[in-house]
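See below for the structure under consideration.
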Amino acid sequence: MTPPPLPPADQAASEKAAPVHSRAAALVLLALLSLVWGVHWVVVKQALHYFPPLTYGALRLVTGLVTMVAIVGATGRLRRPPRADLPVILSVSLIQMAVSILIMNFALQAVPAGRSSVLAYAMPLWVALLLWLLFRVAPRRNELLGIVLGVAGVAILVNPSVIDWGVPAEVAGTLALVVYGMLWAGVTIHIRRHRWHASPLDLQPWMLLFATVPVVLAALLLEHGRVIDWQPAAIFALAYSGPLATAFAYWASQSVTRSLGPISSAMGFLATPVVGLVAGAVLLHETLGPADLVGFALVMGGIAAASLVPALVSGRGASAAASAAASDAVPARPG
């Protein structure tokens, strides 16, 4: 579906915002993001030995907020956000940040880190379904191939035989992580289709602020008086989670989504559970079997099909691909 043209004034406003990254730059960001977020599942799993879950989520957001305010303020770009960007600020802050962080922290108390990352990153399936159901946007052939391979890999990696269905906390955590993926899919589409008036970097402090307030309030109300064990490992985990896995990673994820589109970026994000599974196996000694290895191969094949060789696999000519990319570079009106 071709997005409607922007009026001249809105076109100028859009051009003043941070430009969409080139495909090569977006893929580099995607690789870094997959590494940071993949390892982060292990970091959070360990951090929950030292922090109550709500408190850890609140401190993660606070440290991320302080980091981002310092960065944006140092560049002279800290200013009130445009009113037109408020919908995407609320979408990202309340759903992708606040709700998803709380789900992650509670689920990881019962579900292994590697498989938690896989469950959450089944998100591309929901992206494709939502785009088709809500916007009648059918995936291109290369994206469809990538979705089939990637989702098949995720299905193999989520092996029901390793889930203890007799443990309510593990079942609840597993279902919550599936919801995590669905919510993230909706935000991913919103990020891509929103008409941005400011750049993701400029809006990042406000997104983090709106996410921090409800999580801090929940931690104060529900976990007041609970003890934090300030060991060196706890301080390291918080330093990783706040500045790196929150301040950098949420900005990078929005930039990648704007640059590659919701399906290609979602498929690229599937590298994160691969990193998560490997990190869980190496650092936490979580078991890896033949199914894991087959799942890895399918996931990586899906990433290659959807993100690395689009023109080759889709069969579109160079001019057609360039035309499609140019029309898709301007974010469409929200659905």
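Coordinate-derived values only; no laboratory data. This structure is a prediction, so every number in the text was calculated from the model and none was measured. Every residue, glycine among them, receives a Cβ derived from its backbone with ideal geometry; neighbour counts consider all protein chains shown.
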Could you list which residues have their amide H under 5 Å from that of Leu48, counting only those 5 or more apart in sequence or on another chain, with H placed in the peptide plane?
none
Is region 20-328 best put as rounded, prolate or oblate by its Cα gyration tensor, with a ≥ b ≥ c the root eigenvalues, rounded for a/c under 1.5, and otherwise prolate when a/b is larger than b/c, oblate when not?
oblate
Tell me whether region 54-168 comes out rounded, prolate or oblate; compute the Cα gyration tensor, take square roots of the eigenvalues as a ≥ b ≥ c, and use a/c under 1.5 as the rounded threshold.
oblate
Looks like region 135-198, by Cα gyration tensor root eigenvalues a ≥ b ≥ c and the a/c under 1.5 rounded cutoff (else prolate when a/b is bigger than b/c, oblate otherwise), is oblate
Of 145-155, 170-180, 283-293, ordering from highest average Cβ density within 10 Å down gives 145-155, 170-180, 283-293
Sorted by mean Cβ packing within 10 Å, highest first, what order do the peptides 208-215, 35-42, 223-230 take?
35-42, 208-215, 223-230
Phi angles of region 88-94, converted by Karplus (6.51 cos²θ - 1.76 cosθ + 1.60, θ = phi - 60°) into ³J(HN,Hα) in whole Hz with x for Gly and Pro, give 6, 4, 5, 4, 5, 5, 7
Put in order of increasing Cβ neighbours within 10 Å, starting from the fewest, Ile156, Ile191 give Ile156, Ile191
Quote to one decimal, in nm, the extra length available between Leu283 and Arg226 on full extension: 0.36 nm per residue of separation minus the C-alpha distance between them.
17.8 nm
Would you order Ser255, Ser22, Ser116 from fewest to most other beta-carbon atoms within 10 Å of each residue's own beta-carbon?
Ser22, Ser255, Ser116
Below 8 Å, C-alpha to C-alpha, sequence gap of six or more: please give me the relative contact order for region 45-156 in percent.
31 percent
Taking the Cα centroid of region 215-260 and of region 26-56, what is the distance between the two, rounded to the nearest whole Å?
8 Å
